[in-house]
Amino acid sequence: MNIEQLNKLGPKNKALLNKLNINTLEDLVTYFPYRYNFINITNTLTETTEVIYVNAIILSDVKVNYIRKNFNALSFIASLNNFNFKVTIYNRAFLKNSLTINKEVLLIGKYKKNTNTFIANDLKFNVFNNKIEAIYHLTEGLKLTNLTKYIEEALNKNILIEDYIPDSLNQKYNFISKTLALKYIHFPINVEQIKQAKLKLIYEELFVYMFKINYISNINKKVQGLKKEFSLDIIDEFIASLPFKLTEDQLTTIKDILNDLKSPKRMNRLVLGDVGSGKTIVAVVALFANYLSGYQASFMAPTEILAKQHYESLINYFKETNINISLLTGSMKKKEKEEVYQKIQAKKIDIVIGTHALLNEQITYAKLGLVITDEQHRFGVNQRNTLQNKDKAKVVDVLALSATPIPRTYALTIYGDMDISQIKTKPKMRQETKTYIKSEEEIKDVLEAMYQELKQNHQIFIVSPLIENEEENDLKSVTLLKEKMDLAFKKKVRIEIIHGKLKQSAKDALMEEFKLGNIKILISTTVIEVGIDIPNATMMVIYNAEKFGLATLHQLRGRVGRNDLPSYCYLISKEKDNARLKVMEESTDGFYISEKDFELRGQGDLFGVKQSGDMTFKIANLKNDYKILLRASLDAKEYINSLEYQQNKLYKELIEEINFLD
Ligand code: ADP
Ligand code: MG
């Protein structure tokens, strides 16, 4: 049912709800609060460190003092149990007319005894008793009271909200009903109700998620694949000819993959390895084995730049072989593309490298045997399934590479539909990137360090994120930054800005120049393309570093230190004590950092895992609710094997949804 059904909702607020992705009454009642205010009304005024709630009566007219632009103070005299005191609240001039003498208001804030003043952060009407108030993420223009009102009305309409937890499990765990859970989550009267509601809703969400994973995993187990034949000796020879010795984990991963390729079962493997752990070479060996067995392969990268980079390294790795390699990207001319299509169809190309477009294009492979996707950690389970099934016959082996250094137990659960290989160790010769947190006042230190690198003809990345959310202003501030840098280095080195608004071709051109070493300092307003390899770049300077999550910071830092030169990362921030930044200073181990990320922010970034559409949970939190996740995972496995789900209408629909994604 559309939210238009709500009597109290006008067009302006409807648009605001839509902005929050609330379109139906179901969306509305499952728009969950992220925290609660426990309003505990006190009867005495005392000076406290915590905020207190006081029901007071207004005794005087309200005065507003306009201190300066966008800053005003509203004040009046109030009384609590016949004790009079002054109330001040900032930037609420608009409340002036609603604050009339003798009116009762709930003041939220702190009392200062020496001035007999209550500094209120907030003020509410019509709250006369203790209560728990649910707090939601809002959007500008939408008031909490209104959202709460709409949710209340929607709940009172008694719309049917499906409960995905099977009856047997509802009984086993004594869960409250879904209807009650929704009521409690929005309008609890005690903490116990919040607990019960959360448990129910979190479990449900994770159960459904794990059901999907298991369902897909079961399908994948059944499908027959291609049994490939190739000579291990030739592969060993190839590995021996590489310019470096493979690490233990790389070798184990390669072994896993070669076994998969040989087996008649379809490969569906995910390689998890930190930035710089050397995943590409693993893919290269897989491509080689696939070629030796007479099949074609497609290798997908998330960006054109990365695709190009892979193309160049493959050409290099395979220079002693007869493998035909081709690049296919969106920016190529139509005629060039068509030429590539024809060659693929005629099996004149063995390996084609490109972006996602690679799968959507009208390409017919003569004999496709392997699909590899690089940096795949933004995909959720639905999308992974789609990718795997692009090949109509569903036999092609699938290999995914991901810089997702999450703990193994988590990986095994949330990526339960795939087999997993982990590359934990990094190549030995790599030195740790030294990391320092600096305030803006210490920028001289950073400039000095930059100067030292430039003197050795090394290159530098600067990342300065968009913060104002006003592109004009942000670009101005980056331009200003470039001017400062030009001034500092007396225009002796070429400095360029790369930003989201630039055309792809312009971005590519800049990256190419940087790669060639013509540009010395590259200032980027957005996150630099993942996986990009510029071995000569030895320094990463990140402005407003506190704005980034740990995963992003780690990925960004991974752009430097890609050879055996000493490398540096400077995190510039107003918050020198920021816990996340400290973690960065402390360690370069992605697995360690991801554990810390779990501790500090919960599901947070989870190293990119959250970014995918179907892994953004409404209420569950993969870290905090990990115990529930494991429980739900076991239950989902049992449920799917009991075949009970086939009688369940909801799960029938769910499965249709999954299959529809093919
Ligand atoms: P990522 O896992 O981030 O994709 P890459 O595959 O791009 O990492 O490897 C990063 C760099 O390390 C590349 O320049 C690659 O040639 C090099 N490399 C990979 N494996 C080894 C190894 N075993 N010894 C030394 N260098 C290696
Ligand atoms: Mg890579």
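Before moving on, here are some points about what is shown:
- For the chain, a/c is not less than 1.5, where a ≥ b ≥ c are the root eigenvalues of the C-alpha gyration tensor, and a/b does not top b/c. That puts it in the oblate class.
- In the structure shown, the pairs K212/K596; K492/K520; K195/K627; K265/K426; K434/K576; K308/K547 are assessed against 21 Å; a Cα-Cα span above that value is assigned to K212/K596; K265/K426; K308/K547.
- Over the chain: helical MRE at 222 nm, DSSP H runs n ≥ 4 each giving -39500 (n - 2.57), nearest 500: -12000 deg cm²/dmol
- Packing here is the average count of other Cβ atoms within 10 Å per residue, and on that basis the peptides 403-412, 479-488, highest first, run 403-412, 479-488.
- Extension gain for the segment N259 to T117, taken as residue separation times 0.36 nm less the Cα-Cα distance, is 43.6 nm to one decimal.
- Computed on the chain, with alpha-carbon pairs under 8 angstrom and 6+ residues apart, the relative contact order is 13 percent.
- Per-residue extension of 0.36 nm, minus the Cα-Cα distance of N324 and A506, leaves a gain of 62.7 nm for this segment.
- Listed residues A545, L629, V51: farthest to the positive end of the dipole of the chain (Cβ charges): V51
- About the Cα centre, charge dipole magnitude for region 292-378 (Lys/Arg +1, Asp/Glu -1 at Cβ), debye: 260 debye
- Between amide H atoms placed 1.01 Å from N, distances below 5 Å from S524 occur with I462, V463, S464, I498, all of them 5 or more places distant or on a separate chain.
- FRET E, pair A93, S477, Förster distance 35 Å, beta-carbon r, rounded to 0.05: 0.70
- Computed from the C-beta positions of N316 and N7, the FRET efficiency with R₀ = 60 Å rounds to 0.30.
- Each label point was placed 7 Å from the Cα along the Cα-to-Cβ direction; for L242 and S331 their separation is 2.9 nm.
- Taking every C-alpha pair closer than 8 Å and separated by at least 6 residues, the mean separation divided by the residue count of region 222-423 gives a relative contact order of 32 percent.
- The length gained on full extension between L180 and E440, counted as 0.36 nm times the residue separation minus their Cα-Cα distance, comes to 88.4 nm.
- Antiparallel DSSP beta bridges within the chain, percent to nearest 5: 40 percent
- Rounded tilt (10° steps) of 471-488 against the dominant C-alpha axis of the chain: 60 degrees
- Placing a label point 7 Å from the Cα of L20 along the Cα-to-Cβ line, the residues of region 122-144 whose backbone N sits under 18 Å from it are 132-144.
- Phi-derived couplings, Karplus 6.51 cos²θ - 1.76 cosθ + 1.60 at θ = phi - 60°, listed residue by residue for region 231-239: 8, 5, 4, 5, 5, 4, 4, 4, 4 Hz, with x used for Gly and Pro.
- Percent RCO, i.e. relative contact order, over region 434-587, from Cα pairs under 8 Å lying at least 6 residues apart: 35 percent
Read the figures in this text as sums done on the coordinates, not as results from a lab. What you see is a predicted model; the values in this text were computed from it and never measured. Note that each Cβ is placed from the backbone with ideal geometry, even for glycine, and that neighbours are counted across all protein chains shown.
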